[in-house]
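What follows is a short report on a single structure.
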Amino acid sequence: MAGQKTDERDVLLGRRIAEQRKRSKLTQRTVADSFGMSAAQLQKYEKGVNRISAIHLAILSRLTNTPVSDFLDGIPHPDPEMERGFSDNGQQSYSTDPWSDLARAFARQFVETFSEEQRRELSAAVETLSRELKA
């Protein structure tokens, strides 16, 4: 973002960008051209002097055939005391049949919404799907 100071996270990300670019045998000029900028600007990203945008990181990801997460994994959170995001916590696993509550809610909604004939058609489709999955 414009005006935002860089920090050690930008330096770490920049190193990863440079390493992956080199592993992929891409020159700074090639990558910079795909970003629509100068090689000098790309060099600033690689050194952590400037912060790279998500769009440019996505382009680099495609150029190097590297998931964006590979560039970002392990980069420290700016505020370790900050509340964790949704993706930071594992989801609670179901202790019993994970589909039972969903099936009950679906059946209840279906009975209230659809005619007997429509319910029979769905039931037949589910039975067919079940047989195909077991085959």
Legend entry - Residues of segment 39-57 that turn out to be touching a helix residue (DSSP H, G or I) at 6+ places or on another chain (Cβ under 6 Å) and over 19 Å from residue 5 (Cβ atoms), as a count: 2
Inset, instruction - Return yes when residue 87 is among the polar types (S, T, N, Q) and modelled with pLDDT under 75 and no when it is not. - result: yes
Inset, instruction - Hey, could you check segment 39-76 for residues that are part of a loop (DSSP other than H, G, I, E, B) and polar (S, T, N, Q) and say which is surrounded by the fewest Cβ atoms within 10 Å (Cβ to Cβ)? - result: 65
Inset, instruction - State yes or no: is residue 47 touching a residue at least 24 places away in the same chain (Cβ under 8 Å) and charged (D, E, K, R)? - result: yes
Inset, instruction - Scan segment 12-38 residue by residue and report those that are without any contact (Cβ under 8 Å) to a residue 24 or more places away in the chain, among the small types (Gly, Ala, Ser) and open to solvent by 20 Å² or more (accessible area, probe 1.4 Å). - result: 36, 38
Inset, instruction - Go through (1) at pLDDT 85 or above; (2) surrounded by fewer than 10 Cβ atoms within 10 Å (Cβ to Cβ); (3) of a type outside the set (Lys, Arg) and name the single condition residue 79 misses. - result: (1)
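The values are calculated or read from the model by the stated rules, or taken from the named source; none is laboratory data. Since the structure is predicted, the reported quantities are computational estimates derived from the model, not experimental observations. Because the Cβ atoms are built from the backbone with ideal geometry, glycine has one as well, and the counts that use them run over all protein chains shown. In case anyone asks, the SASA skips ligands and DNA or RNA and just uses the protein heavy atoms, side chains included. Shrake-Rupley method; radii C 1.70, N 1.55, O 1.52, S 1.80 Å.
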